Amino acid sequence: QVQLVDSGGGLVQPGGSLRLSCAASGWISSINTMGWYRQVPGKQRELVADITSGGSENYADSVKGRFTISRDNAKNTVYLQMNSLKAEDTAVYYCNAWITTSAGGSTRNYWGQGTQVTVSS
């Protein structure tokens, strides 16, 4: 089995910073693209940022210059450093990864359980 566990959310004031982490564990052969999505009630889940296994980064326009995605391939972990947070960044943030398992060699998409980020004074 493969599992993604994301963490690091919380309550922060506007202009503040948070760092999210997501660790993949289980029968993993390789991990391709890893990313972060977010969702607010009544809206579709949207991509925040993703990063390929080679380190190529992609960001939503709304977070460019404020958020930085990174990964540690040795630890099967992806991070999201969020700076200059705004009220509109408030959402549940979900980790996502394309993982090839070592049991059977299949590749599929996995999600973390989500972590709440609230930006409010």
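The values are calculated or read from the model by the stated rules, or taken from the named source; none is laboratory data. These figures come from a predicted structure and were not determined experimentally. Here the Cβ is made from the backbone with ideal geometry for all residues, glycine too, and neighbour counts use every protein chain on show. Side chains are part of the model used for accessible areas, which takes the heavy atoms of the whole protein and leaves out ligands, DNA and RNA. Shrake-Rupley method; radii C 1.70, N 1.55, O 1.52, S 1.80 Å.
Summary of computed values
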| quantity | calculated |
| --- | --- |
| Under 11 Å from the GLN113 label point (7 Å along Cα→beta-carbon), backbone N, region 4-20 | 4-7 |
| Heavy-atom surface of region 1-111, accessible at 1.4 Å and reported per residue (Å²) | 52 Å² |
| Carbon and sulfur %, accessible surface of the chain computed with the full protein complex present, 1.4 Å | 46 percent |
| Volume of the Cα convex hull of region 46-119, divided per residue and given in Å³ | 103 Å³ |
| Under Karplus coefficients 6.51, -1.76 and 1.60, residue-wise ³J(HN,Hα) of region 21-34 in Hz, glycine/proline x | 10, 8, 10, 9, 9, x, 7, 10, 8, 7, 10, 8, 5, 10 |
| Net charge, VAL40 excluded, C-beta distance under 15 Å - Lys, Arg +1, Asp, Glu -1 | +1 |
| Length-normalised contact order of the chain in % [C-alpha pairs under 8 Å, at least 6 apart] | 36 percent |
| Cα extents of region 27-83 along the three principal axes, largest first (Å) | 36, 25, 15 |
| Rounded FRET efficiency, nearest 0.05, which uses the C-beta distance separating SER121 from ALA74 and R0 of 41 Å | 0.60 |
